[in-house]
Amino acid sequence: MPAFAAALLVGALALAGPAAAQSSVAEGQKLAFDRSKGNCLTCHDIKGGDLPGTIGPALKDIKSKYPDRGELVAILSDETRRNPQTVMPPFGRNLILTEQEIDAIVEFLQTL
């Protein structure tokens with residue numbers, strides 16, 4: 001019986017993975033489009049977003065441009081470390097977004 005219970009638990013966790021990923025992508029999109037939180041649309045054109053800005057590049061083909069997820073996390077957290085002249089706000093350093101929120105936005109960006 002314990003082996004059966006363990007198999008059920010493993011199966012349940014495997015099914016939760018894709019659902020959790022979809023939830024994270026949805027949360028990331030919500031944050032990216034939220035004018036009072038991520039506010040990505042102020043500077044970037046993003047498919048599905050309203051009234052995009054033109055200061056930053058259009059956010060498309062992100063996974064091919066940034067195959068290393070960690071690079072996107074670093075950009076959102078504090079792009080001034082890589083590029084001191086950037087106008088990109090340091091969302092992590094300035095505590096505008098939490099690590100979890102940055103991770104969710106990266107999950108969303110990687111679907112673009």
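Of the residues making up the stretch 95-103, not a single one is out of contact with any Pro (no Cβ under 9 Å at 6 or more places or on another chain), surrounded by 15 or more Cβ atoms within 10 Å (Cβ to Cβ) and polar (S, T, N, Q). Restrict the check to the stretch 41-55 and report whether at least one residue is among the β-branched types (V, I, T), over 14 Å from L112 (Cβ atoms), assigned to a helix (DSSP H, G or I) and more than 11 Å from the chain's Cα centre (by Cα). Checking the stretch 41-55: at least one residue is among the β-branched types (V, I, T), over 14 Å from L112 (Cβ atoms), assigned to a helix (DSSP H, G or I) and more than 11 Å from the chain's Cα centre (by Cα). Listed conditions (1) under 13 Å from V106 (Cα atoms); (2) modelled with pLDDT under 95 are all met by P52, apart from (1).
The single condition among (1) assigned to a loop (DSSP other than H, G, I, E, B); (2) out of contact with any helix residue (DSSP H, G or I) (no Cβ under 7 Å at 6 or more places or on another chain) that Q22 does not meet is (1).
Anything in the stretch 61-90 that is closer than 15 Å to H44 by Cα and either touching a strand residue (DSSP E or B) at 6+ places or on another chain (Cβ under 6 Å) or not in a helix (DSSP H, G or I) (or both)? List them, or say none. Within the stretch 61-90, D61, T86, V87, M88, P89 meet the criteria. Look at the stretch 82-103: where a residue is touching a residue at least 12 places away in the same chain (Cβ under 8 Å) and among the aromatic types (F, W, Y) and a partner is outside any loop (DSSP other than H, G, I, E, B) and surrounded by 15 or more Cβ atoms within 10 Å (Cβ to Cβ), sitting 6+ places away or on another chain with Cβ atoms under 6 Å, you get F91/L76.
Restricting to the stretch 91-107, and then to whatever is part of a helix (DSSP H, G or I) and aliphatic (A, V, I, L, M), can you tell me which residue is nearest to S23 (Cα to Cα)? Filtering first and then ranking leaves A104. Only one entry in K37, K60 is under 14 Å from the mean Cα position of the chain (by Cα), surrounded by 12 or more Cβ atoms within 10 Å (Cβ to Cβ) and touching a residue at least 60 places away in the same chain (Cβ under 8 Å), namely K37.
The values are calculated or read from the model by the stated rules, or taken from the named source; none is laboratory data. Given the structure is predicted, the values throughout are model-derived calculations rather than measurements. Virtual Cβ from ideal backbone geometry, glycine too; neighbours counted across all protein chains shown.
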